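Here the structure is laid out as structure tokens; the discussion comes afterwards.
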Amino acid sequence: METTTVNAPAAKTTSNPVRHELEPLTKRFPALGAPVSASWVSGDMGDPEVPGPSLYWIDSVVELNPAVAEDLKAKYRPVPTSAQPDVWQSLRGALPAGGYLASDQLNSVFTSTRIKSKAYLAENSPVIVVTAVGE
């Protein structure tokens, strides 16, 4: 007899097209300031066949105003990390080349009571990658 477990973490299952408007991101993440540009994708988590509350996800690659990028580095002191942002495949080509800086403090700036985020500042350009899951 086969048993299935339902306690597996929800995975990104559906994706909308890549979007470029800034307002939905700056509304959720005020720390972005007034970005130069952005590419982002959102979707739902888990199995659409299973009833219950649904979580959504947002993956974004945002070109920041250079002063905002410097401010984030100065205030939240991210350090080099070997971790790579786990973004939806349609965004992978937009990821900046080179390494990333990350810290729990930086993550907390993009996290709220409704959204849990991970943030990665590019080492060599004013670009931040934010991956978020929320209700």
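What follows is calculated from the coordinates using simple rules that are stated; it is not laboratory data. Only a predicted model underlies this, so the values are computations on that prediction, with no experimental measurement involved. Neighbour counts run over all protein chains shown; Cβ positions are idealised from the backbone, glycine included.
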Exercise. Which log10 I(q)/I(0) values, to two decimals, does the chain give at q = 0.18 Å⁻¹ under the Debye formula with one point per Cα?
Worked result: -0.98
Exercise. Mind checking the angle between helix 66-76 and the chain's longest principal axis? C-alpha axes, 0 to 90 degrees, to the nearest 10.
Worked result: 70 degrees
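To the nearest 20 debye, what is the magnitude of the charge dipole of the chain about its Cα centre, counting +1 on the Cβ of each Lys and Arg and -1 on the Cβ of each Asp and Glu? The partial results should precede the final answer.
Working: 11 positive and 14 negative charges, 74 e Å.
Computed about the Cα centre, the dipole is about 360 debye.
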For this session: In nm, give the distance between the simple-model label positions of His20 and Ser37, each being 7 Å from the Cα along the Cα-to-Cβ direction.
Result: 0.7 nm
For this session: Under 16 Å from a label point 7 Å along Cα→Cβ of Lys27: give me every residue in region 80-119 with its amide N that close.
Result: 114-115
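Given only helices, namely DSSP H runs of n ≥ 4 each adding -39500 (n - 2.57), what is the per-residue ellipticity at 222 nm of the chain, to the nearest 500 deg cm²/dmol? Kindly include the intermediate steps, with their values, before the conclusion.
Numbers: 3 runs with 23 residues, N = 135.
Computed ellipticity for the chain at 222 nm equals -4500 deg cm²/dmol.
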Exercise. Tell me, in nm to one decimal, what length is gained between Lys73 and Arg114 on full extension, where the rule is 0.36 nm per residue of separation less the Cα-Cα distance?
Worked result: 12.3 nm
